[in-house]
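To start, the structure under review is shown below, and the notes come after it.
The values are calculated or read from the model by the stated rules, or taken from the named source; none is laboratory data. Everything numeric in this text was worked out from a predicted model, so none of it was measured. Methodologically, a virtual Cβ is constructed for each residue, glycine included, from the backbone with ideal geometry; neighbour enumeration extends over all protein chains shown.
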Amino acid sequence: MISQKNQYDVCVVGGGLTGLAAAVFLADAGLAVALIAPPRNGSDHRTTALLAHSVEALSKIGIWSHIEKDSFPLKSMRIVDATNRLLRSPQTDFHSTEIGLEAFGYNVRNVVLYKTFEQHILNDSNIDHFACPAKSVRLDDTGGIEVKLVAEGRKKSKTVHARFIVGADGRSSMVRDSWNIGERKWSYPQSAVVFNFEHEFSSNYTSTEFHTETGPFTIVPNTNHMAGLVWVETPERAQEIASLSKRDLALLAENKMQSFLGKLKIVSPVQCFPLSGMIAGRFGDKNCALVGEAAHVFPPIGAQGFNLGIRDIECVADILGCQKDFASAGEIYHRQRVSDVTARTTGVDLLNRTLLSNFLPMQLLRSSGLYALGHVPALRRYAMRVGISGVAVQ
Ligand SMILES: Cc1cc2nc3c(=O)[nH]c(=O)nc-3n(C[C@H](O)[C@H](O)[C@H](O)COP(=O)(O)OP(=O)(O)OC[C@H]3O[C@@H](n4cnc5c(N)ncnc54)[C@H](O)[C@@H]3O)c2cc1C
């Protein structure tokens, strides 16, 4: 057991996937890290599609080899226009071999990701884990960071000092508020019903996204006979669906996916997530950086959320790993992240809104976009590469 000090290079606040990953990447860059992460409550039954760039990043720090055996390759992606709109697009299929890859990415159960990061953190002498929430964060008189922790039980509250702070504390980030970084928030008239199911016919390594008038209905395989479903509906309909018996829900889902996977059996609890969006006014300032959902929140379309969070973390670890003076590192981080984060947030928002809109020009935009992706090889390859990486690749 390592002894906890109170002066660190970096303090990471938040114990979601982004916070845990941030601690590991920063420690790998040779920094002394304090991780302020209260214990998780409840189980996360979701899966996360890690795209090729994230897999590469996790491989570089020696984490992927522990996850790989529990992951499933996503070799093809199919988009089916299941709207009843006047303008509909043809089915579009993408294959990773078209861009010379074995797979676009790998689907992993969130519980596997949590366990792998937690085990690594326990064994990493560069990371001290404080298992309680942070109460306040401020710049001290020397320009360093002072983080006060919530007292555990009858113990006195503790204070941690660091040269830099990483806010990974989710959409209602206390770090963001403490730094007076504003945000723009919006909601969608949608909720996602999420569960895992077994199915009769093989998915053949293919993830399928049905576009419907209420949002995407996305099936991401965990094995060739098991998959995760993210079913976006109006909030009222989502509640109705989530309260069905598993048997009735399986029949409804089978019907919705036109039985292309045969009979279904639900094998996890059914969870419901209201959809919303948020973008921070800045992603970094002085000696602070915001990562993951503390910086950006958008609907679960195209497996972008955590993958974008990994790119945030890589960027902050690269900057701090080679920068002596941390006082302006937040500003550098902001400049390096602003185009990727803004483009992803806007792109996902636009795609979601074109699905919901009855406005004919919006439908034309979506269907012609999908048609072009289906028929122009150079555009297909470009879109596939941009989709799986953080930058536009030639
Ligand atoms: C249905 C669904 C499916 C998804 N699928 C994918 C996918 O396939 N691929 C993908 O890339 N992304 C996916 N995402 C997005 C992904 O899940 C999120 O981007 C990711 O989980 C965000 O993690 P986070 O750590 O930034 O935030 P959170 O998970 O919200 O974690 C924030 C953490 O901070 C802690 N915290 C808050 N305040 C404090 C404090 N004061 N002190 C200490 N700790 C604090 C909280 O307890 C929490 O643990 C999906 C999302 C949904 C809803």
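Among the candidates 187, 202, 172, which residue alone is free of Cβ contacts under 8 Å to residues at least 24 places away in the same chain, away from the ligand (no atom under 11 Å from the Cβ) and either within 19 Å of residue 8 (Cβ to Cβ) or surrounded by fewer than 18 Cβ atoms within 10 Å (Cβ to Cβ) (or both)?
202 is the lone residue from the list that is free of Cβ contacts under 8 Å to residues at least 24 places away in the same chain, away from the ligand (no atom under 11 Å from the Cβ) and either within 19 Å of residue 8 (Cβ to Cβ) or surrounded by fewer than 18 Cβ atoms within 10 Å (Cβ to Cβ) (or both).
Just one of (1) part of a helix (DSSP H, G or I); (2) within 26 Å of residue 104 (Cα to Cα) trips up residue 333, so point out which.
(2) is the only condition that residue 333 fails.
Give the residues of the range 220-249 that are surrounded by 20 or more Cβ atoms within 10 Å (Cβ to Cβ) and closer than 22 Å to residue 107 by Cα, sorted by residue number.
Answer for the range 220-249, where residues must be surrounded by 20 or more Cβ atoms within 10 Å (Cβ to Cβ) and closer than 22 Å to residue 107 by Cα: 220, 221, 222, 227, 228, 229, 230, 231, 232.
Please state which of the following conditions residue 148 fails to meet, knowing it meets all the rest: (1) within 15 Å of the ligand (Cβ to nearest atom); (2) modelled with pLDDT of 95 or more; (3) part of a strand (DSSP E or B).
Every listed condition holds for residue 148 apart from (2).
Give me the pairs: first residue in the range 46-57 and touching a residue at least 60 places away in the same chain (Cβ under 8 Å) and among the β-branched types (Val, Ile, Thr), second residue near the ligand (Cβ under 7 Å from one of its atoms) and in a helix (DSSP H, G or I), beta-carbon distance under 9 Å, and six or more apart or on different chains, which are they?
48/17; 48/305; 48/306; 48/307
With the structure loaded, tell me whether residue 29 is of a type in the set (A, V, I, L, M, F, W, C) and more than 9 Å from the ligand (Cβ to nearest atom) or whether it fails that test.
It is true that residue 29 is of a type in the set (A, V, I, L, M, F, W, C) and more than 9 Å from the ligand (Cβ to nearest atom).
Could you grab me the full set of residues in the range 181-203 that are out of contact with any strand residue (DSSP E or B) (no Cβ under 6 Å at 6 or more places or on another chain) and either at pLDDT 95 or above or of a type in the set (Gly, Ala, Ser) (or both)?
182, 200, 201, 202, listed by residue number.
Being hydrophobic (A, V, I, L, M, F, W, C) and surrounded by 18 or more Cβ atoms within 10 Å (Cβ to Cβ) is the filter here; which residues of the range 260-280 pass it?
Passing the criteria: 261, 264, 266, 270, 275, 278, 279, 280.
When only residues in the range 281-310 that are within 12 Å of the ligand (Cβ to nearest atom) and part of a strand (DSSP E or B) count, which is surrounded by the fewest Cβ atoms within 10 Å (Cβ to Cβ)?
297
Test each condition in (1) in contact with a helix residue (DSSP H, G or I) (Cβ under 9 Å, 6 or more places away or on another chain); (2) more than 10 Å from the ligand (Cβ to nearest atom); (3) not in a strand (DSSP E or B) for residue 143 and report the one that comes out false.
(1)
Give me the pairs, please: first residue somewhere in the range 119-138 and within 14 Å of residue 157 (Cβ to Cβ) and within 9 Å of the ligand (Cβ to nearest atom), second residue anywhere and acidic (Asp, Glu) and modelled with pLDDT under 95, beta-carbon distance under 6 Å, and either six or more positions apart or on two chains.
As it stands, the answer is 132/152, since those pairs meet every condition given.
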